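Asks: Below is the structure I would like to discuss, written out as structure tokens.
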Amino acid sequence: MPIYEYKCKKCGKDFEMFQRITDPAITSCRFCKGPVTKLMSLSSFHLKGSGWYVTDYGGAKAPHSEAKREASATAGTEKVESAASDDAKASE
């Protein structure tokens with residue numbers, strides 16, 4: 001069951017409530033009965049185990065994207081070199 005966080009507008013206290021997703025949101029503080037707002041908090045959900053890596057959806061720091069960049073850069077220079085050698089052969 002999810003845990004939802006609320007903050008009272010009257011007394012300023014933060015509190016958590018176990019609620020089903022289908023339950024209506026809490027509207028009053030359990031301490032002073034004042035109005036509350038639902039807070040957005042960080043999830044404690046982590047993907048762990050084989051097959052899940054922090055870098056799977058990473059950008060420039062992902063090791064596999066670094067290897068792909070190096071491979072494409074090498075392939076690009078090989079194409080330029082082979083085109084230059086073809087031009088040299090044609091002019092002879």
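Here, each number is a calculation from the coordinates, and none is a lab measurement. Everything quoted here is computed from the prediction, not taken from an experiment. Every residue, glycine among them, receives a Cβ derived from its backbone with ideal geometry; neighbour counts consider all protein chains shown.
Asks: With label points built 7 Å along Cα→Cβ from the Cα atoms of Ala25 and Ser43, find their separation and express it in nm.
Replies: 1.9 nm
Asks: Oh, and also: Taking the Cβ of each residue in Ser44, Ser28 as the centre, tally the other Cβ atoms inside 10 Å and list the residues starting with the fewest.
Replies: Numbers: Ser44 6, Ser28 13.
Exposure proxy ranking, most exposed first: Ser44, Ser28.
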